[in-house]
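The values are calculated or read from the model by the stated rules, or taken from the named source; none is laboratory data. Since the model is a prediction, treat every value here as computed from it, not as a measurement. Cβ: placed from backbone, ideal geometry, glycine included. Neighbour counts: every protein chain shown. For accessibility, only protein heavy atoms count, side chains too; no ligands or nucleic acids. Shrake-Rupley method; radii C 1.70, N 1.55, O 1.52, S 1.80 Å.
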Amino acid sequence: MEEFKSDLPHNNYTNGGSVTARCSSNIALIKYWGKKDIQIPMNPSLSFTLTESFTESNVKFMPKDCEGFMVNVYLDNQLNELFVPRIYIFFERIEPYVPFLRSFEFEIHTHNTFPHSSGIASSASGMGALALCLVEMEAKFGVEFTEEEKLKKASFLARLGSGSACRSLYPGLAVWGKSEFVKGSSDLYAVPYPYEVHKIFRNFQDTILLIDEGRKKVSSSTGHKLMENHPYAKQRFVSASENLGKMIPALKEGNLKAFGEIVEHEALSLHAMMLTSFPSFILMKPGTIAAIEKIREFRKQTSAHLFFTLDAGANVHLLYPRNEKNICMNFIENELKQFCSNGNFINDFCF
Ligand code: DP6
């Protein structure tokens, strides 16, 4: 981890300033669920970085004399105290790698392009954007980075804020977690997916059905923790690793059927872990199941390649190729929209 430490001096930050960065959200195809130590995943994961759903953050920094961290967060220009404790934990974890965090008072202004209640995790894009801002600050203070080094450090830092955030730094597909199948992969940061991807996956669509816009009952951190004494955890970690191995030829060959099978198996395994943990919890809602059944019927009746995945919540992500957008959008409007809260869904895509 030495490579992520910077040799900046500790005490001569006399100038304030500001930095801005943008980071997208992502949707996992192979899921991260279960971790050890400080944000070390129990299995490798793979995700699509989204395009339209992103966070933009501006960080103003003013020199200060007192000890401790000082952070104020404004979400859409409104002071938001809910985020501050999480940022202090993040700052404590990253301090060995970012030496100036106690030298400044920080004012973070942040905006998400997606609604807070949409179930799209703003922690991934938010932590990604903040990590990028901090790396930009280091660059301002004289650390020389190539673009690649900047993203790698931001991914390393973002992981310490929220695991899935480290994948969001890269457009397209990103892998986080050491895997025998992916060269250069690491538990400490994500890497851009290094292998050939068939053109059918270009501009792959993700329509997010907003089945439930409420706050979820069980947080991801609690869910990860419940994997520690989970009766099926060991097998789940093996299966996720194997699924990554199976995904590589599917992505190369443009094998949509295999892709869909793996992605759906991953989503259902994630929720099966929730159903069988102690205590058990259910994040799916009746609308989630109803949508999945409709999708399966639709696939029987048409030759469309429309697949679903789920995050740690009730919303359904619909994944399909760009060239099937018309048939899939018709189906969504006519058959799936009814399960969405206020008929709401979001159209996004992976670049
Ligand atoms: C179901 O990254 O939110 O979305 O590391 O505790 O912040 P923390 O967890 P988080 O977990 C995401 C879980 C997931 C699957 C995934 O994105 O891989």
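Quick one: of Lys31/Lys178; Lys36/Lys217; Lys31/Lys257; Lys300/Lys337, which pairs are farther than 25 Å apart, Cα to Cα?
Numbers: Lys31/Lys178 14 Å; Lys36/Lys217 23 Å; Lys31/Lys257 19 Å; Lys300/Lys337 20 Å.
In this structure, no pair lies more than 25 Å apart at Cα.
Accessible area per residue of the chain at 1.4 Å probe, in Å²?
Working: 15960 Å² over 351 residues.
Accessible surface, normalised per residue, equals 45 Å².
List the relative contact order of the chain as a percent without decimals, with contacts defined as Cα pairs under 8 Å and 6+ residues apart. Could the numbers behind the result be given before it?
Working: 706 pairs, mean separation 73.3, N = 351.
This gives 21 percent for the chain.
Rg ratio for the range 129-170: its Cα radius of gyration over 2.2 N^0.38 Å, N being its residue count, equals 1.06. Take the Cβ atoms of Arg93 and Asn203, set R0 to 41 Å, and the FRET efficiency comes out at 0.70. Computed over the chain with a Gaussian network model linking Cα atoms closer than 10 Å, the most mobile of Glu213, Glu105, Glu148 is Glu148. Largest mean-square fluctuation among Leu336, Leu132, Leu169, in a Gaussian network model of the chain whose springs join Cα atoms under 10 Å apart, belongs to Leu336.
Estimated from helices alone, the mean residue ellipticity of the chain at 222 nm is -10500 deg cm²/dmol (sum of -39500 (n - 2.57) over DSSP H runs with n ≥ 4, per residue). For Ser25, the amide hydrogen comes within under 5 Å of the amide hydrogens of Leu50, Ser53, Phe54, Thr55, counting only partners 5 or more places away or on other chains and with H modelled in the peptide plane.
When the scattering of the range 1-107 is computed by the Debye formula from its Cα atoms alone, each counted once and equally, what is log10 I(q)/I(0) at q = 0.21, 0.23 Å⁻¹? Results for the range 1-107 at q = 0.21, 0.23 Å⁻¹ read -1.31, -1.34.
Highest mean first, how do 320-326, 288-294 rank when packing is the count of other Cβ atoms within 10 Å averaged over residues? Show your work: numbers first, answer last.
Details: 320-326: 16.0, 288-294: 17.9.
Highest to lowest by the protection proxy: 288-294, 320-326.
GNM, the chain, Cα, under 10 Å: largest mean-square fluctuation among Met284, Met273, Met70? Among Met284, Met273, Met70, the largest GNM mean-square fluctuation belongs to Met70. Each 5 Å bin from zero holds the following percent of Cα-Cα pairs in the range 251-351: 2, 11, 23, 24, 20, 12, 6, 2, 0. Quote the relative contact order of the range 1-134 in percent (integer), defining contacts as alpha-carbon pairs under 8 Å separated by 6+ residues. About 34 percent, as a whole number.
Per residue, the convex hull spanned by the Cα atoms of the range 117-193 measures out at 92 cubic angstrom. The label point for Ser219 and the one for Phe278, both projected 7 Å from the Cα toward the Cβ, are 2.4 nm apart.
Could you quote the convex hull projected area for the range 227-279, Cα atoms only and averaged over all directions, in nm²?
Details: hull surface 13.8 nm².
Average projection, Cα convex hull of the range 227-279: 3.5 nm².
Rounded to a whole number, what is D in µm²/s for the range 20-75 from Stokes-Einstein with the Kirkwood radius over alpha-carbon pairs (10 °C, 1.306 mPa s)?
Using the Kirkwood radius from Cα pairs, D works out to 107 µm²/s.
Backbone geometry of the range 178-193 corresponds, through the Karplus equation with coefficients 6.51, -1.76 and 1.60 at θ = phi - 60°, to 3J(HN,Hα) couplings of 5, 9, 5, 8, 10, 5, x, 6, 8, 6, 8, 7, 8, 10, x, 4 Hz, x marking Gly and Pro.
For the chain, the share of accessible area belonging to carbon and sulfur comes to 50 percent (1.4 Å probe, ligands and nucleic acids excluded).
Near Ser239, once Lys and Arg are set to +1 and Asp and Glu to -1 for all other residues with Cβ below 12 Å from its Cβ, the sum equals +2. Once you order the gyration tensor axes a ≥ b ≥ c over the Cα atoms, which shape class does the range 161-247 get: rounded for a/c under 1.5, otherwise prolate or oblate by comparing a/b with b/c? Verdict is oblate for the range 161-247.
Can you give the extra length, in nm with one decimal, that the chain gains between Asn229 and Asn77 once fully stretched, where that is 0.36 nm per residue apart less the Cα-Cα distance?
Working: separation 152, 0.36 × 152 = 54.72 nm, distance 4.20 nm.
Value of the extension gain: 50.5 nm.
The distance from the alpha carbon centre of the range 1-46 to that of the range 47-119 is 13 Å, rounded to a whole number.
Extension gain Glu293-Asn58, at 0.36 nm per residue separation less the Cα-Cα distance, in nm?
Working: separation 235, 0.36 × 235 = 84.60 nm, distance 4.28 nm.
The span from Glu293 to Asn58 would gain 80.3 nm if fully extended.
Shape analysis of the range 56-163 places it in the oblate category; the axes a ≥ b ≥ c from the Cα gyration tensor give an a/c of at least 1.5, with a/b not above b/c.
Can you tell me the convex hull volume per residue for the range 156-204, based on C-alpha atoms, in Å³ to the nearest whole number? Each step should come with its number before you reach the end.
On the way: hull volume 3.4 nm³, N = 49.
For the range 156-204, the hull spanned by Cα atoms encloses 70 Å³ per residue.
Once backbone amide H atoms are built at 1.01 Å from N, Val73 has Asn80, Ile108 as its partners under 5 Å, excluding neighbours fewer than 5 places away on the same chain. Less than 5 angstrom separates the built amide H of Phe104 from those of Lys64, all sequence-distant by 5 or more or on a different chain.
Starting from the range 144-222, pick out the chymotrypsin sites (Phe, Trp or Tyr not before Pro) whose DSSP state is loop and whose Cβ has at most 14 other Cβ atoms within 10 Å. Please report the intermediate quantities before stating the final value.
Working: sites: Phe145, Phe156, Trp176, Phe181, Tyr189, Tyr195, Phe201, Phe204; in loops: Phe145, Phe181, Tyr189, Tyr195.
When the chymotrypsin sites (Phe, Trp or Tyr not before Pro) of the range 144-222 are filtered for loop state and at most 14 Cβ neighbours within 10 Å, Tyr195 remain.
Counting only other residues whose beta carbon sits under 12 Å from that of Lys225, what net charge do I get with K and R as +1, D and E as -1? Taking every other residue near Lys225 into account, the sum is +1. Taking only alpha carbon atoms, the chain gives an Rg to Rh ratio of 0.98, where Rh is the Kirkwood radius. Between the range 128-185 and the range 199-272, the C-alpha centres lie 22 angstrom from each other.
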